[in-house]
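Let me begin by presenting the structure, written as structure tokens, before commenting on it.
The values are calculated or read from the model by the stated rules, or taken from the named source; none is laboratory data. All figures in this text were calculated on a predicted structure; none of them were measured in a lab. Every residue, glycine among them, receives a Cβ derived from its backbone with ideal geometry; neighbour counts consider all protein chains shown.
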Amino acid sequence: MGRQTEATVQRLRRLARALVQDVDGADALVLETLSIHERRATSLQQRMTTLIGLRRKREDGKGHSGSPVRPRPGGNHPEVIRAFDTLPLADREVLALIAVEHLDYDDAAAILGLPLTTFITRLTRARESLNRVVEGERHVVLRVVK
């Protein structure tokens with residue numbers, strides 16, 4: 001396997017493990033992504049788009065079995081890791097592309113198929129949600145103001 005291919009696989013694996021809560025599921029997602037793109041030259045961005053699309057298709061409410069994944073976003077902060085795992089998939093996607101993959105906003109927005117302003121709004125909300133969970137505020141109560 002070439003160095004560039006190895007680097008691509010590692011980045012896909014890191015992204016998948018940030019989105020999926022078990023090693024087996026993340027590895028299966030990476031293998032499926034690689035098999036889709038094996039016969040044609042595609043960019044890392046296209047492969048990440050495929051991986052996220054496959055993950056979304058699998059999001060059907062069923063639980064995950066397999067080995068827990070570590071490390072996750074948050075480094076040596078287990079409260080951040082636990083908080084990240086409780087976020088909805090859409091929030092984990094935007095945070096993983098920025099915090100785990102260190103992509104710039106334009107590339108991350110393109111991977112998710114979002115306009116840049118929408119991506120930034122989702123990222124802001126995801127960061128706020130993560131902060132609330134870390135601080136113990138699990139539910140946001142919205143009031144109707146007349």
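Brief remarks on what is shown
- Options 8, 42; residue that is surrounded by 16 or more Cβ atoms within 10 Å (Cβ to Cβ) and either among the polar types (S, T, N, Q) or part of a loop (DSSP other than H, G, I, E, B) (or both): 8
- Restricted to helices (runs of 4 or more DSSP H) entirely inside region 60-146, those with at least 1 residues that are under 23 Å from residue 46 (Cβ atoms), at pLDDT 80 or above and of a type in the set (D, E, K, R) are 89-95, 105-112, 116-134.
- Residue in region 91-109 that is among the small types (Gly, Ala, Ser) and touching a Ser or Thr at 6+ places or on another chain (Cβ under 8 Å) present: yes
- Every residue from region 10-30 that is at pLDDT below 90 and of a type in the set (Val, Ile, Thr): 20, 23
- Pair list, Cβ < 8 Å and 6+ apart or interchain, from region 7-21 residues that are closer than 14 Å to residue 111 by Cβ to residues that are surrounded by fewer than 23 Cβ atoms within 10 Å (Cβ to Cβ) and at pLDDT below 85: 18/72; 18/73
- Count - residues of region 11-51 that are of a type in the set (Lys, Arg) and more than 17 Å from residue 89 (Cα to Cα): 4
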